[in-house]
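Everything on this sheet refers to the single structure shown next.
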Amino acid sequence: MRWSWKLGEVAGIGIFVHVTFLMLVGWVALSHWIVERSLAAAVGGAIFILALFGCVVLHELGHALTAKRYGVRTRDITLYPIGGMARLERIPEVPQQEALIALAGPAVNVVIAAGLWLALSAAGGVTPLAELDVTKGPFLERLLLVNLFLAGFNLIPAFPMDGGRVLRALLATRLSYVRATELAAGVGQAMALVFGFVGLFSNPFLVFIALFVWLGASSEAAMAQMRAAFSGLPVSRAMLTEFAALAPRDPLARAVELTLAGSQSDFPVLEDGVPVGVLSQADLLGGLSQRGPDAPVAAFMRGVPKAVAPGEMLDDVFARLQGEESRTFPVVSGGRLVGLLTLENLGEFLRIQAAMAAGRRPPALRAP
Ligand SMILES: [Zn+2]
């Protein structure tokens, strides 16, 4: 994940923080400064954010551990300002399971809020909910409010919030997965427009949230369409079969020649037909600037990324390759390289599929 830093690991799941989460820290610190003009208040704000941060991690672990119960692994957890994102390795086949995984996050915040409410009541009373304020009042009361906000906001039935997943799961019990996703994403984008419009006249932070919701909804819809286009097709249908390869002892100058002669940007490196690495354009440029064109390819190539078999289904492979650092994957059969699968070439394949599908539609239904 770009623009994020690793903080640690829980139950084998890496926990990352995204740069925009730090923008939230800045926003809260600023609100404290504007209201109180004191360093103590700013430090208090920072400690509060750490507590909030803990609650968001627990929220995400709620998703991840529920997913684990259904046999779905979580690749990593990244924290964004309006919640977090547990990147599940796949979406469970049964819609009800997806709904329960989505609901588990907000449920954790409800439990935390209820626990805080009980503790505060036992200790001598809580400020009525309507009078609570995130920027002032006792620490635990503010934390209670923030947990209610996290639960409520994430239950909005729009992507990329958890509520959007619940909505899709409900729709998917009656509609196809792609149609359900499109509808849920449409609700998300409509909601983003409302947020953005209201935000323009009230709170700029809302405009920022609107943007986040809009982008999340679009990428979710695109992803579902892609998965549908790929389903039921083997890798061999979409892989590149004509490509240039390098040997580990080749000089970088050879890669330059091949790059200029064709449209290929990443090259597999083969030793007797067996892939031993990949030289990407970034590796090539880095190598040229460090050691010049005579340096051997072996010094700058990276290890072979996960290999793919020609008979594997494209939708499975696509789900598996999401988030991998490499953009080019060797297709290997019997230990030998038989093709290359690149993200560009998958995109091309998708456009061709879409054009062919449009061609098959009866003319009356075609868009003008
Ligand atoms: Zn969540």
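The values are calculated or read from the model by the stated rules, or taken from the named source; none is laboratory data. Computed from a prediction, not measured in an experiment: that's the story for all the values here. Heads up, the Cβs are rebuilt from the backbone with ideal geometry, glycines too, and the neighbour counts pull from every protein chain shown. Surface accessibility is based on the protein's heavy atoms, side chains included, excluding ligands, DNA and RNA. Shrake-Rupley method; radii C 1.70, N 1.55, O 1.52, S 1.80 Å.
Could I have the simple spin-label model distance between Asn203 and Ser176, label points 7 Å from Cα toward Cβ, reported in nm to one decimal?
Simple spin-label model gives 4.0 nm for this pair.
Output the 0 to 90 degree angle, nearest 10, between the alpha-carbon long axis of helix 252-261 and the longest principal axis computed from the alpha carbons of the chain.
90 degrees
Label the stretch 179-338 by shape, choosing from rounded, prolate and oblate, from the square roots a ≥ b ≥ c of the eigenvalues of the Cα gyration tensor; if a/c is under 1.5 it is rounded, and otherwise prolate applies when a/b is larger than b/c, oblate when it is not. Intermediate results must be reported in sequence, preceding the final value.
Numbers: a/c = 3.82, a/b = 1.80, b/c = 2.13.
Verdict is oblate for the stretch 179-338.
For the chain, modelled as a Gaussian network with Cα springs under 10 Å, which listed residue fluctuates most, Asp76, Asp272, Asp316?
Of Asp76, Asp272, Asp316, the Gaussian network model singles out Asp272 as fluctuating most.
What's the angle, to the nearest 10 degrees (0 to 90), between helix 95-122's Cα axis and the longest principal axis of the chain?
30 degrees
Looking only at Leu233, Leu260, Leu341, which one moves most when the chain is put into a Gaussian network model with springs between Cα atoms under 10 Å?
Among Leu233, Leu260, Leu341, the largest mean-square fluctuation in the Gaussian network model of the chain belongs to Leu260.
Taking a ≥ b ≥ c as the square roots of the Cα gyration tensor eigenvalues, with a/c under 1.5 meaning rounded and otherwise prolate when a/b beats b/c, else oblate, which class fits the stretch 281-324?
Working: a/c = 4.51, a/b = 2.90, b/c = 1.56.
Prolate.
Leaving ligands, DNA and RNA out of it, report the carbon-plus-sulfur percent of the accessible area of the stretch 157-267 at a 1.4 Å probe. Let's see the in-between values first.
Values: 3640 of 5590 Å².
Heavy-atom surface of the stretch 157-267 belonging to carbon and sulfur, 1.4 Å probe: 65 percent.
Between Glu344, Glu141, Glu220, where does the largest GNM mean-square fluctuation fall for the chain, given springs only between Cα atoms within less than 10 Å?
Glu344
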